[in-house]
Protein chains: 2
Amino acid sequence: MNLETTPLLTDLYELTMLQTYYEHGMTDEAVFELFMRRAPERGFFVSAGLDQALGWLENLVFGDEELEWMAGSGLFNAAFIERMRDFRFTGTVRAMPEGSLFFAEEPVLQIVAPLPEAQLIESRLMNIVHYQTLIASKAVRSRMAAGDVPVIDFGMRRAHGGEAGTWAARACYLAGFGATATCLGSARYNIPPTGTMAHAFILAHDDEATAFERFARSHPDNVVLLIDTYDVRRGAERVVEVAEKLAPDGIRIHGVRIDSGDLAANARMTRSILDAGGLTETRIIVSGGLDEYRIEALQRENAPIDGIGVGSNVDTSADAPFLDSAYKLHLYQDRPRGKHSAGKTDLPGRKQVFRHIEAGRMSGDVIGLADEDLPGSPLLETVMREGQRVGEGQAWDLESARLRLGDGLTQLAPDYRALREPDAYPVTLSPGLVALRDALARAL
Amino acid sequence: MNLETTPLLTDLYELTMLQTYYEHGMTDEAVFELFMRRAPERGFFVSAGLDQALGWLENLVFGDEELEWMAGSGLFNAAFIERMRDFRFTGTVRAMPEGSLFFAEEPVLQIVAPLPEAQLIESRLMNIVHYQTLIASKAVRSRMAAGDVPVIDFGMRRAHGGEAGTWAARACYLAGFGATATCLGSARYNIPPTGTMAHAFILAHDDEATAFERFARSHPDNVVLLIDTYDVRRGAERVVEVAEKLAPDGIRIHGVRIDSGDLAANARMTRSILDAGGLTETRIIVSGGLDEYRIEALQRENAPIDGIGVGSNVDTSADAPFLDSAYKLHLYQDRPRGKHSAGKTDLPGRKQVFRHIEAGRMSGDVIGLADEDLPGSPLLETVMREGQRVGEGQAWDLESARLRLGDGLTQLAPDYRALREPDAYPVTLSPGLVALRDALARAL
């Protein structure tokens, strides 16, 4: 079974529910919406992962292996298993295009499909959209903290498995990073690859200068040398020596990387050694345990830094490693539906998000019903119809998602995108939605 | 390119380093060791993921697609790309078998191979072993807190991508969980599958009782009903009513699930309603934002709970979403190697971990050199030789890893495995290793 495409990458209960739905002919149209309940650590979210979600929906087929597992499990009847052989996703998907800014409670993705189809896809759809949205929403914070300094994704080794490592490269690039170290992320999503050397490379040589020189001669177009294996000062001095040796052959040192110690102090010392040695063009790249807060501190110190590598903190969204994502049934057989317990009622009905822009700034969003006539720009677009991509869904383009996010950041006032204690962006409910919710609460 | 097998799921720098290694004939034997530097949130680690690591090493081949990407990147010369066509992993792997307890600084995996081979595998090897070890080390804490109550993995939807969701099922089962909701995890690793219904199932019906009855008749062998969609008390009462209706047909209610509210109070109320209705055998399963600390609190309250579902907190190891894992060159051309900066020196040389057991309890580990003659049981076993699985590596068995972990927990005194502020288990360095490290530090 192919990990990336198998419909068995799902929770068992999706399948047990489906058997019952089919037995009772519960195949009418359902509306499910995907949203994030709260954003305690984030002022806003960045939508990401929709292209992978649509790709997965397009290719959703139960093959012989899947059906054999279902039969062998003893949990399903033969009629249901046979029926799943013809299962396809035939529904409509509306979504905020990738790179959109969105907020808690706003549907970022909406599925309109026969109930069993809309139900089955829940687990993997969330698995896909949640992770990339999580990482884009984290990575954009490093990008904001770094300002004009390029940020690079180094995180694959401690990302949670290979799909996470690959998708993190994509989500970080979408969020404005300049490159990724992960080859597969580069190959699949056409992201600039980047990378230099590990400490092991230096250690495998009998001396640092030989390691530097060999690497430079082997990769003359991309000479970035790791200078902190033994001592940063000596490492920087050796770079100057090696540069003099290489100059007659037309090879120059493009950059150095510092991966430990006090990065700001080390960068300043390195800058002065390089400048004194005539290497004023040689860039300084730092890495090692960085996140948006440490990047902010480096920038506050005016550290002479030309590139920033981030890894584990971003690729695992370490301060908030999951979002309170939900995928909920809000309409079935044209009747609004919602969970109502402990005094709290879901927002029922098929919805739309209307964004208001004033003088170039986002001034507030309204969550309303899709059929309400409300001012503002609707954010959910139809990207799939009858199981086929349409509109924005057809020719997905990571570069335009990057641009969309860039535009969104410009439109979002600084107080709403502050790294610490951002102001709550105004999101209100339309009168129609409030009335529907209250009517549902009374009925239950 | 197949996500699970492609060698391009790596950091670019592994490839750039390899080109230089080959150009200079740096293909002698190297020893790299994988270890965790610190364990701030954990008293101990549980080794996991070695079977996937060995499987990946066995099948490591650069196919046409990989070589074309390398050529198209413009980052490598033609001779190197052609050479990679014949690349195979031919080395030796020593490792602690899965389910072993281990501690910070102890090598859990050791690679002995020609330098380029040992280098190339770094990123993906860490990606595989780090994540499963992270999750097994987190999940075992829920298992310990739950005592005799079975714990179930529900976390795939918010795990970081599909590989994480699938591996989390495996790592949790290794750690002692009873089942997983993730079908692919069940199918691949022969883990008991589990699952019932979502709130959407209840909401799609016009009333809760109909939903309960339909589900029970559809799945008479596994009737677990979700009772908190509207009101837990009414839900429990409806379960009793539905049970009476189903009894003549020989269908009984095996369990109920509560997913929100004060779980202990809800469980107590539900237990008394079920018992009063004669459903003394119906089990109560709770879920919703649980981790080891909340499970501990439920147990302290003596909540009448028969099953515990955990999800996001465990599958993302939310309180510590990555470990300080490292994969370092410690020997090349028979010379000890190690990074030495900021006054800290790596532990060089090829090592072994020796465990001391006294009166059935682990009394201390010694990290020594592999060729030292030291007392205690050596923990690193040879699992691969010349790129082929040998010994424990040949017939991996998740059940025996579970048993190994169970034995280990029995041998580890409670103070070392406390959930909060565990005592530091004694790990010391052998005289030979200390001498080697100090000699290396002096030489640098």
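Just so you know, all these numbers are worked out from the coordinates, no wet-lab data involved. Quick caveat, the model's predicted, so the values are computed rather than measured. Note that each Cβ is placed from the backbone with ideal geometry, even for glycine, and that neighbours are counted across all protein chains shown.
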Legend entry - Estimated vicinal HN-Hα couplings, Hz - segment A:251-257 in sequence order (Karplus 6.51, -1.76, 1.60; Gly, Pro = x): 9, 10, 8, 7, x, 10, 10
Legend entry - 5 angstrom amide H check on B:Ala413, placed H, neighbours 5+ away: B:Met362
Legend entry - Value of relative contact order over segment A:146-315, rounded to a whole percent, pairs C-alpha under 8 Å and six or more apart: 25 percent
Inset, instruction - Could you please tell me the mean projected area of the C-alpha convex hull for segment B:319-444, averaged over all directions and given in square nanometres to one decimal? - result: 10.8 nm²
Inset, instruction - State the three equivalent ellipsoid semi-axes of segment B:145-315, derived from the C-alpha gyration tensor as the square roots of 5 times its eigenvalues, in descending order and whole Å. - result: 26, 19, 14
Legend entry - Neighbour-count ranking [beta-carbon atoms within 10 angstrom, fewest first] of A:Ser377, B:Ser137, A:Ser363: A:Ser377, A:Ser363, B:Ser137
Inset, instruction - Work out, step by step, the length gained on full extension between A:Arg335 and A:Arg37: first 0.36 nm times the residue separation, then minus their alpha carbon distance; give nm to one decimal. - result: 105.0 nm
Legend entry - Dipole-positive endmost among A:Leu50, A:Met36, A:Thr229 within chain A (Cβ charges, Cα centre): A:Met36
Inset, instruction - Would you mind pulling out the separation of the Cα centroids of segment A:325-365 and segment B:365-444, in Å? - result: 53 Å
Inset, instruction - Take A:Tyr416, B:Tyr173, A:Tyr332 and order them by how many other Cβ atoms sit within 10 Å, fewest up front. - result: A:Tyr416, A:Tyr332, B:Tyr173
Legend entry - Residue-wise HN-Hα coupling along segment A:352-361, computed from phi with Karplus coefficients 6.51, -1.76, 1.60 (Hz; x: Gly, Pro): 9, 10, 10, 9, 9, 10, 10, 6, x, 10
Inset, instruction - Output the antiparallel fraction of DSSP beta bridges having both residues in chain B, as a percent to the nearest 5. - result: 70 percent
Legend entry - Radius, Kirkwood style, for chain B when every pair of distinct Cα atoms is counted (Å): 24.1 Å
Legend entry - Antiparallel bridges, percent of DSSP beta bridges restricted to the protein assembly as shown (to nearest 5): 70 percent
Inset, instruction - Provide an ascending nm list, one decimal, of label-point separations from B:Ala413 to the equivalent residue in each further copy; define each label point as 7 Å from Cα along Cα→Cβ. - result: 6.1
Inset, instruction - Would you please give the residues with an amide H less than 5 Å from that of B:Glu381, counting only those at least 5 places away or on a separate chain, with H modeled from the backbone geometry? - result: B:Ala95, B:Met96
Inset, instruction - Would you count, across chain A, every pair of lysines whose alpha carbons are under 25 angstrom apart, provided the pair is eight or more residues apart or spans two chains? - result: 5
Inset, instruction - Let me have the relative contact order for segment B:227-368, percent, based on Cα pairs under 8 Å that are six or more residues apart. - result: 15 percent
Inset, instruction - Evaluate the relative contact order of chain A (contact order divided by residue number), counting alpha-carbon pairs under 8 angstrom at least 6 apart; express in whole percent. - result: 21 percent
Legend entry - Alpha-carbon centroids, segment B:21-66 and segment B:197-265: separation in whole Å: 48 Å
Inset, instruction - May I ask you to report, in nm to one decimal and beginning with the shortest, the distances from A:Ala439 to the same position in the other copies, taking label points 7 Å along Cα-to-Cβ? - result: 8.4
Legend entry - Under the Karplus curve 6.51 cos²θ - 1.76 cosθ + 1.60, θ = phi - 60°, whole-Hz ³J(HN,Hα) for segment A:265-279, x wherever Gly or Pro sits: 5, 4, 5, 5, 4, 4, 4, 6, 5, 5, 4, 4, x, x, 8
Inset, instruction - Starting from the amide H of A:Ala179, placed 1.01 Å from N in the peptide plane, find each other amide H under 5 Å away whose residue is 5 or more places distant or on another chain. - result: A:Asp153
Legend entry - When the convex hull of its Cα atoms is projected in every direction, mean area for the protein assembly as shown (nm²): 36.5 nm²
Inset, instruction - Place the label 7 angstrom along Cα→C-beta at A:Glu41 and in each other copy, then list the distances from the first to the rest in nm, shortest first. - result: 0.9
Inset, instruction - Rounded to the nearest Å, what's the spacing between the alpha carbon centres of segment A:71-108 and segment B:273-315? Just the number, please. - result: 29 Å
Inset, instruction - Can you check what the net charge comes to around B:Tyr173, using other residues whose Cβ is under 13 Å from the Cβ of B:Tyr173 (Lys, Arg +1; Asp, Glu -1)? - result: -2
